[in-house]
Every structure is written in C-alpha cells, then in structure tokens.
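Beneath this line is the structure, given in structure tokens, with notes to follow.
We did not get these values from a lab; they are worked out from the coordinates using the rules stated. Please read these numbers as outputs of a predicted model, since none were measured by experiment. Cβ placement follows ideal geometry from the backbone for every residue including glycine, while neighbour counts extend to all protein chains displayed.
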Amino acid sequence: MNKHIKTIASLCVAAAIGAGWAGTAQGATREDIASIQVNARGSNFQYWQKDSQALARLRSYVKEVTNTKSSDFIPQRDRIAVFDVDGTLACETAPFCFDFLMMVDRALYDSEYNASARDRANAKDVERDIYAHKVTNDTRLKTCESHASVFGGMTMDEYNAYTEKYLRKPVEGFNNLKIGEAYFLPMVEVLSYLRANGFKVFLVSGADRQYTRVMAEVLPVDSDNILGTDYRYVAAAQKGQDGMVYVFAPEDKVVRGEFEVKNINMNKVSVMAREIGKQPVLAFGNSSGDFSMYNYTATNPNYKTIVFSLLCDDTEREFGKPASAEKMLKNCEKYGWVPVSMRDEWKTIYGDRVQRLD
C-alpha cells in the first residue's frame with residue numbers, strides 16, 4: 001500500500017471512530033447481494049424510491065413488451081438487455097475502476113511479485129492519473145498493457161484466485177465496504193427483475209472479462225454472458241508459435257497472454273454484434289463510453305427499445321460528480337434516454353449502514 005493510500009486509510013479510521021461507526025456498520029455481503037430477488041410483477045423492489053420515474057418507466061416497458069397481446073410484444077429469445085458495469089452496477093469513484101487499481105496494486109505493492117521496470121513505470125503513471133482525476137486513453141492503454149504483463153502466464157484458476165483475494169480488500173473512502181461488495185443494490189434488483197421477465201442479460205464491461213466474471217459471480221447473470229476487455233489465452237509451451245500450427249498437448253496448460261482489445265465505445269458494439277448476434281432492446285450505462293451501446297440499442301429496427309443512463313449525482317452517499325451528472329442529464333434530454341438519479345431515486349446505494357468518508 002502506498003503512502004497516499006495509507007494516509008487516507010488512517011484518516012478514514014479516525015473519522016469512523018469519531019462518528020461512532022467503526023466496528024458497527026457492515027455493507028451487504030456477497031451472499032446478501034446474491035440473495036436479492038425481484039418478482040416478475042416488480043412488486044417487491046426495496047431499494048428504489050416509490051416515486052422513481054425511472055423505475056416506473058422500466059416497469060411500464062417490461063409489462064408492455066412481455067404482454068403477448070401488445071403490439072410491442074418481444075419474444076423471449078429477443079429480449080436482450082445490456083449493462084455497463086463500472087459506474088452502472090458497481091462503484092468506480094473510489095477512486096476509479098477496480099481492475100485499474102488491481103494492476104497498480106500488483107505492480108507496485110505486491111511483496112510476492114517483482115514487476116518489470118516498464119510495468120512499474122506504467123503503474124506509477126496510471127496511479128498518478130487516477131488520483132489526479134485525469135484518466136485518458138493513454139492511461140487505459142498503459143493499464144491494459146501492464147495488466148497483460150503482470151498477470152501474464154497465470155492459469156485461469158490462478159488469476160481467479162488472485163482476483164478473489166483482491167475483492168476482499170476495503171474500498172477507499174467508505175466505511176466497512178469491500179471491493180467485492182461494492183455493488184449498487186438498486187441495480188442488482190433491476191437485473192433480477194429483468195431475469196424474472198425472461199430477459200437475457202449481458203454485462204458489457206470495459207474491465208477485464210475474466211476479472212468481471214469473478215467480480216460478478218453474485219449477480220443474476222450467466223458467466224458466459226459477460227463481455228469485456230480481452231487478453232489472449234495461449235498454451236504455456238506455445239512460445240509464440242502460430243495457433244493454427246501449434247497442437248495443445250495433454251501436459252500443457254492454458255495461460256494468460258497479450259492484451260487484445262479495450263472494450264469501450266465502438267468496441268462494445270463490435271463485441272455485442274460478434275458474441276450476442278442480436279441487437280439489444282434495453283441498455284443501461286453511465287458514461288460517454290456507453291454512447292455507442294446506447295445508439296446500437298436504440299436503433300434496433302424490429303422492436304420497441306429503451307435506454308437508461310445513470311447520473312452520478314449523489315455527493316453524500318457516493319463520490320458524486322455534479323458537473324458530469326448535469327452533462328449526462330442534458331444528453332438524456334437530447335437523445336430520449338431515461339435518466340436515473342442516484343441521489344433522488346434510490347433509497348440506498350450499498351446499504352444504509354455503509355458510510356462515505358471525507
């Protein structure tokens with residue numbers, strides 16, 4: 001852990017003790033999150049305000065497209081819903097997307113691992129950009145380049161185990177919230193509700209696909225419906241040989257290799273077209289990196305569609321960004337997307353006992 005993080009952790013503990021929180025508040029566990037269920041009628045949502053316009057729009061849409069007598073009926077095979085993850089289903093503000101932070105942690109602060117000079121330099125640059133709130137595409141590419149390197153050669157089981165261990169770490173800036181628990185509870189309800197109504201839900205994340213599979217094990221989403229940033233998988237003994245020539249041997253093993261593609265913007269549309277093979281009818285995101293996904297969904301020529309965009313406007317329970325939220329609201333008004341206010345439409349985010357610390 002670097003000095004910056006240690007300082008913040010110390011301040012957080014002191015603030016928690018001063019507020020009487022330390023040792024008393026607990027967020028929803030992964031088991032709690034996995035147990036969230038909303039029925040097909042949508043009559044048992046617990047984490048949304050009763051007067052939420054976004055929830056009313058969602059329920060109205062689902063009721064209409066699942067009614068066989070409606071002219072807008074969508075057969076179950078075509079009920080495709082796509083969701084961004086970071087900032088839409090899970091925290092990305094403390095201080096940024098967790099898979100970025102996992103690479104930094106591995107390269108700079110894992111005492112059992114000795115990163116290359118290039119990866120240490122990349123990690124320092126990424127960490128600097130994150131804390132300066134100046135993440136650019138250069139930051140993203142450095143993250144992906146070194147994520148491939150510092151986890152390269154790991155089998156899938158080894159990478160999964162590393163990720164599971166990482167998910168048990170605390171989230172910066174929150175009292176008693178672990179990374180693997182940092183899901184927006186109202187959004188978990190949305191996933192459950194859609195699944196109960198025969199929607200096939202896909203997570204279309206900018207994070208590493210396998211990392212997202214591990215992180216999302218508690219969500220009502222099938223693991224093969226998770227799309228994300230991809231890294232090549234190769235045989236440990238392949239040594240650069242062409243995969244059309246190399247034959248996998250019984251004694252060999254599959255390991256992580258080079259970075260392939262960062263799954264944001266148009267790349268999200270490309271991967272959906274390739275791996276889903278159908279245009280979605282419902283999309284949910286939170287940033288400009290999701291706009292291509294929004295437009296791809298909204299232009300489905302066969303069915304009635306709906307697009308929701310989350311506004312990061314809660315500055316008391318989350319590290320809200322009012323200027324960004326206002327900009328997104330204007331985009332929603334311009335393009336007909338449904339805005340969702342974290343501040344006004346959710347009763348809770350991570351559970352009422354989780355506290356945001358200054």
*How large, in Å, is region 134-273 by the Kirkwood hydrodynamic radius built from its alpha-carbon pairs?*
17.0
_Hits among lysines - C-alpha to C-alpha of Lys334 under 19 Å, sequence gap 8 or more where chains match_ = Lys304
*Along Cα→Cβ, 7 Å out, is where each label goes; now give me the distance between the ones at Asp125 and Glu217 in nm to one decimal.*
3.4
_At 25 °C and a viscosity of 0.890 mPa s, what translational diffusion coefficient does Stokes-Einstein give for region 31-151, taking Rh as the Kirkwood radius over Cα pairs? Give it in µm²/s as a whole number._
135
*Rg and Dmax [Cα atoms of the chain; Å; Rg one decimal, Dmax integer]*: 20.8, 64
*asked:* Neighbour counts of other C-beta atoms within 10 Å: give me Glu333, Glu217, Glu318 arranged from fewest to most.
replied: Glu333, Glu217, Glu318
*From the Cα gyration tensor of region 312-355, with a ≥ b ≥ c the square roots of its eigenvalues, which class applies: rounded if a/c is under 1.5, or else prolate if a/b is larger than b/c, or else oblate?*
oblate
*Just grab the label-to-label distance for Phe319 and Arg77, each label 7 Å out from Cα along the Cβ direction, in nm (one decimal).*
4.6
*Please give the calculated 222 nm ellipticity per residue for the chain, where each DSSP H segment of at least 4 residues contributes -39500 (n - 2.57) and the sum is spread over every residue; nearest 500 deg cm²/dmol?*
-11500 deg cm²/dmol
*Computed lengthening from Ser35 to Ala132, 0.36 nm per intervening residue step minus Cα-Cα distance*: 31.2 nm
*Taking neighbour counts of Cβ atoms within 10 Å as a proxy for exposure, in what order, fewest first, do Cys312, Cys91, Cys332 appear?*
Cys332, Cys312, Cys91
*Considering only DSSP beta bridges with both partners in the chain, what is the antiparallel share in %, to the nearest 5?*
35
_Between region 146-161 and region 198-224, the Cα center-to-center distance that results, in Å_ = 18
*Under 16 Å from the Cα of Lys278, which aspartates and glutamates turn up, not counting those fewer than eight places away in the same chain?*
Asp78, Asp224
*asked:* Springs between alpha-carbon pairs under 10 angstrom, Gaussian network model over the chain: which of Gln241, Gln76, Gln46 fluctuates most?
replied: Gln241
_I want to verify the translational diffusion coefficient of region 205-358 in µm²/s; compute it with Stokes-Einstein, Rh as the Kirkwood radius over Cα pairs, at 25 °C and 0.890 mPa s._
134
_Equivalent ellipsoid, region 178-231 (semi-axes from 5 times Cα gyration tensor eigenvalues, Å)_ = 19, 14, 8
_Förster radius 30 Å - calculated FRET efficiency between Ala161 and Arg274 (Cβ-Cβ, nearest 0.05)_ = 0.55
*State the dimensionless ratio Rg/Rh of region 271-322 (Rg: radius of gyration of Cα atoms; Rh: Kirkwood radius).*
1.11
*Label point distance in nm, Asp224-Arg118, each placed 7 Å from Cα along Cα→Cβ*: 3.6
*Looking at region 132-228, which trypsin sites (Lys or Arg not before Pro) are in a loop (DSSP not H, G, I, E or B) and have at most 11 other Cβ atoms within 10 Å?*
Lys134, Arg168
*Sorting Phe45, Phe248, Phe100 on the 10 Å Cβ count, fewest up front, what's the list?*
Phe248, Phe45, Phe100
*Cα pair count fraction exceeding 21 Å, expressed as % - region 88-212*: 45
*What lysines sit close enough to Lys239 to cross-link, taking a C-alpha to C-alpha distance under 27 Å and skipping anything fewer than 8 places away on the same chain?*
Lys142, Lys253, Lys262
*May I ask for the distance between the Cα centers of region 252-285 and region 231-250, given as a whole number of Å?*
22
